[in-house]
Amino acid sequence: MPSPQLTLADLIDLEAQMGRDAGLDRETLRRRDRAIGREISVAPTDRRELILAWLRRVRGLGDSTGERAARALAAGTWLLCLIGLVAGAGAGAALFHYDGVRPVNVVPILGLFVALPFALLLLLVLAAAPPAWLTWLPGARALQDLLRFLSPGRLAPALSRIMPSRFRRSLDEGLGNLRSFDRLYGRVRFWLLAGISQAFLVSLQIGALAAAMALVIFTDLAFAWSTTLQVPAGTFHAITHVISTPWAAFAPEAVPSLDLVEATRYFRQGGTFVGVGDGAPNVVLLGRWWPFLVYGILTYGLLPRVLTLGLSQWRYRAALRRIGLNHAPLQELYERLTQPVIESRAQSETAGAPAAAAAETLSAGEVFAGQSPCAIIAWDLPESSEAQIREEAGRGLKCAVEGIVFAGELDVATDERALDRFRERPDTPVVLLVKSWESPTRDLTLFLERLRKRLGDGVPILVAPVEFQTGDGWGPAERHDLAEWAGRMKAEGDPWLRTVDLAGRRD
Amino acid sequence: MEPPVFAVVGHVNKGKSSIVAALAEDDSVPIARQARTTRANQIFPLRVDSRTLFTLIDTPGFEQARHALAWMRERETSAAERSNIVAEFVRQHEQTGEFPEERELLRPILDGAGILYVVDGSRPFSPRYEAEMEILRWTGRPRMAMINRIGERDHVEEWRQALDQYFSLVRPFNAHAADFQIRLQLLYGFRELREEWRPFVDEAIHALEAERERRRRRSARAIADMVGDQLALTLDKRVPDEVDLAPFRRQLEEQYREALRQRERKERDEVEDLYQHRRLRRQESELSLVTDDLFDETVWLRLGLTRKQLAATGLLGGVLVGGGIDLAAGGATFLTGALIGGAIGGVSGWLGTRSLAKISIQGLRLGGRLLRIGPMRNPQFAWIALDRALLHYALVSQRSHARRDELVLEPDGKQQGRTSQLPLSERREIEAALTRVRKEKDPDFQDDAREDLAGKIEGLLERAVSGKG
């Protein structure tokens, strides 16, 4: 299935939308366009159809900038055609004007309606040639630019100013956008303006032809030929013969004969026109030029313009069809339409827990002076033997270890056994050895609450974080682990619960 | 079939949130050393076009697993009843308010979530953890264990032996080092947990791979746009007649440098945003190479191409690279400038003999003079900008979202930039694309030129990440 035809309105709207989207953030665009992309039932490989379908969605209902601009341009074109029609009719009436004294001169008619259109046709070919072809011809590019500047099609946007202001603004915006993407849309613009120019020239030719025919039918015209140049009648006949070639075969009456040429030559003499030859020209012969002139206008004026109008329309549509819609913003749009939006972040953003209050740790030396006694609870330290704990803790705490109990192991019964050891209030501080890298858990804090109940107020409970070294020995806990333990123990609100650093550091 | 839900569970402070942050590419997940960062379940659905393919749930850690298991064991009658007992545990303690963390983490599992159990492989195994594993086994849900190494030590094998007894799948996963490929490998593990979940996970993997390509493509274009803008940058300053130009000149030079830096920062932000790093802080330390001032001479010496390489690339014709040549060029431009009524000099003070951009002075019709700097004429500049961008890309695109440290852009001290290691033919291709970007004035053709350059850069980005270039 062929891709849908892009219109001027689409093109203008597309660029206008791109301009508007440039101000939106990427995430919004991505969501909007992907949602549209999923709704559009178009194969993602058909970029044009996809983008046009997208445009229809974002454009919504009602008048768009592009549609208003296209309407304004159409109005300008019609107005230009009307002007062409009037101007052509005026020119035709002036040139075919016969005042009964001075016959209608064939030469300016040929010049204006045959030679000039033919020359303009050649210039059109020059203007339409791709610039790359003209690089070898000096000055051709400049001439091409000049011709494009002089194109009557450029008048259509100016004439559209009779439209209401919102139409004018749309047209200005639309054509401005297209101008800013000249390489992409340059051919579209060129053939659009060329088409308008051709429509104007067709109107001009129709006007001239209509005026000529009206004068031929409703008045009795006398034609002659006259020029300042020294052109013999034979030469002029040869010229008219060549000009008549296209229709000579099927309309011989529209080919001037040598007799007619010779008989209708006039000179201006003493303010009046006089004929050559024997006496006054045959009045019948004076009227025989009109078929030749009408065929001439038809063949060299109107017909080529109708053809170039058709050509312009064809090339304009081809240029619209050829637009790749692949420049950077449209490439991004295509990606937004076809690439799925992936979201993986949290449904709702939550704040983390507040940081624990900073708390100081004690050094063992501050608690135990001179090997004073201490009782130890080893919390979740099944891998350490009693002897190792006695040695390491005794060294680190600088206390005489009086007893060691294990708690916090897989079996919760160890907790009960440990608490049973403190049925009576001890005289010594109780040290709870914990793994420094394991964060304090609710399990531990509940145990500490029960222990406090057993011990009563005033008995120090010292939590000593232990760090295992690579071998069997213990080492100093890392600072951040110590800080966490100290903060959490302080948060328990027990004034006799402190954290102690086995390495003897004090914060 | 409902899309799978995976509950990330484990002991307190063992990196559950880090794993979720890495998998969900969410750098807003609170991660801290202190425990209890996560107090309630956090939901992270992976949606592709609003369709959920799987959901990750970050849970609070186990706090009283031993007691919870003891409670359950007291009520155990048969193996078939175990999951009901877990459900009963949650139900009963809803009323008492006890075991808040265990209740919260078990709830999604009882609702049908798969289990991703996280342990710290840098710390020794403790039998105490068996309480957690046993409770999870009692739920009867598909489960996988992830060994996350938070520290340097290695106890992975020790953990693996224990975990193998409770989990059908055990995978090492370092949340902080998890780049895209590693994350993808973990997702392949998710597929194995349950047959019915495979289509969802496969679709997610496919979508993530496509997204990865899109990000690379867009990053390449962002870098090409940055280089294009920097090369074309010009700044003007109006200066009254008959005043000393030197201060104005210095001011303009500083503005020029700042504008180049700003453009670079914009590109960095774009790339970081593409890769969902929205809270990333780049290190601004003067010691760090890439975050050094763009005009720091050390950067010029270590990034970009060597003089020899520049000459070989062909753009210089072996002329401009010569140390003394810039002086001659300065003289020539001065003469040219004299013809138009002003003086032209090179901005070369901060680079010794390397001139960066032309600075010119032109007379104005209405009086006064116009001081203009730019566009960039130093052929080395684009290569350095490219190298810096490649380095930044390689780090950002592979950076785990679990990391909360600053992005330190510091290549190996002795290592040259990546572009200097490219084969000559590729350097020439890139130089041709750069030249087109540099010379093309028509905005539409400029777009084409940048797209072409972006295509070349995309290949470099791919290799920068795969480590092949």
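A few notes on this one:
- Test: residue in region B:119-141 that is more than 14 Å from chain A (Cβ to nearest Cβ) and under 18 Å from B:Leu186 (Cα atoms): no
- Region B:175-223 - residue that is polar (S, T, N, Q) and over 17 Å from B:Leu116 (Cβ atoms) and, of those, modelled with the highest pLDDT: B:Ser219
- Qualifying residue in region B:78-90 (condition: of a type outside the set (Val, Ile, Thr) and in contact (Cβ under 8 Å) with a residue 40 or more places away in the chain): yes
- Residues considered: A:Val434, A:Val463. Of these, the only one that is in contact (Cβ under 8 Å) with a residue 12 or more places away in the chain, more than 13 Å from chain B (Cβ to nearest Cβ), under 24 Å from B:Arg128 (Cα atoms) and among the β-branched types (Val, Ile, Thr) is A:Val463.
- Residue list for region B:97-128, restricted to those being touching a residue at least 60 places away in the same chain (Cβ under 8 Å) and closer than 19 Å to B:Glu2 by Cβ: B:Arg107, B:Pro108, B:Ile109, B:Asp111, B:Gly112, B:Ala113, B:Gly114, B:Ile115, B:Leu116
- Those helices (runs of 4 or more DSSP H) of region A:1-84 in which 3 or more residues are within 14 Å of chain B (Cβ to nearest Cβ) and within 30 Å of B:Arg51 (Cβ to Cβ) occupy A:26-39.
- Top-ranked residue of region B:4-35 - restricted to ones that are of a type in the set (S, T, N, Q) and facing another protein chain (nearest Cβ under 9 Å), ranked as surrounded by the most Cβ atoms within 10 Å (Cβ to Cβ): B:Ser17
- Of all the residues in region A:238-260, those that are under 17 Å from A:Val294 (Cα atoms), not acidic (Asp, Glu) and not in a loop (DSSP other than H, G, I, E, B) number 13.
- Restricting B:Ala32, B:Ala79, B:Ala24, B:Ala7 to those that are farther than 18 Å from B:Glu101 by Cβ and within 28 Å of the chain's Cα centre (by Cα) reduces the list to B:Ala24.
- Region A:48-86: number of residues that are touching a helix residue (DSSP H, G or I) at 6+ places or on another chain (Cβ under 6 Å) and more than 30 Å from A:Ala328 (Cα to Cα): 8
- Flag for B:Arg123 being under 18 Å from B:Ile19 (Cα atoms), buried (at least 18 other Cβ atoms within 10 Å of the Cβ) and out of contact with any strand residue (DSSP E or B) (no Cβ under 7 Å at 6 or more places or on another chain): yes
- Residue check, B:Glu158 charged (D, E, K, R), at pLDDT below 95, assigned to a loop (DSSP other than H, G, I, E, B) and not assigned by TED's automatic domain parsing to the domain that holds B:Glu254: no
- Selection within region B:112-134 - of a type in the set (D, E, K, R), touching a Phe, Trp or Tyr at 6+ places or on another chain (Cβ under 6 Å) and not in a helix (DSSP H, G or I): B:Arg123
- Scanning region A:392-418 for residues that are within 14 Å of chain B (Cβ to nearest Cβ) and among the aliphatic types (A, V, I, L, M) yields A:Ala407, A:Leu410, A:Val412, A:Ala413, A:Ala418.
- Residue match in region A:478-499 (condition: in contact (Cβ under 8 Å) with a residue 24 or more places away in the chain, away from every other protein chain (no Cβ under 12 Å) and of a type in the set (Gly, Ala, Ser)): no
- Flag if B:Ala80 is on the phi < 0 side of the Ramachandran plot and either modelled with pLDDT of 95 or more or within 14 Å of chain A (Cβ to nearest Cβ) (or both): no
- Count - residues of region B:186-198 that are more than 14 Å from every other protein chain (Cβ to nearest Cβ) and either in contact with a helix residue (DSSP H, G or I) (Cβ under 7 Å, 6 or more places away or on another chain) or touching a residue at least 12 places away in the same chain (Cβ under 8 Å) (or both): 9
The values are calculated or read from the model by the stated rules, or taken from the named source; none is laboratory data. Just so it is clear, the structure is predicted and the values come from calculations on it, not from any experiment. With ideal geometry, Cβ positions are generated from the backbone for all residues, glycine too; neighbour counts draw on all protein chains shown.
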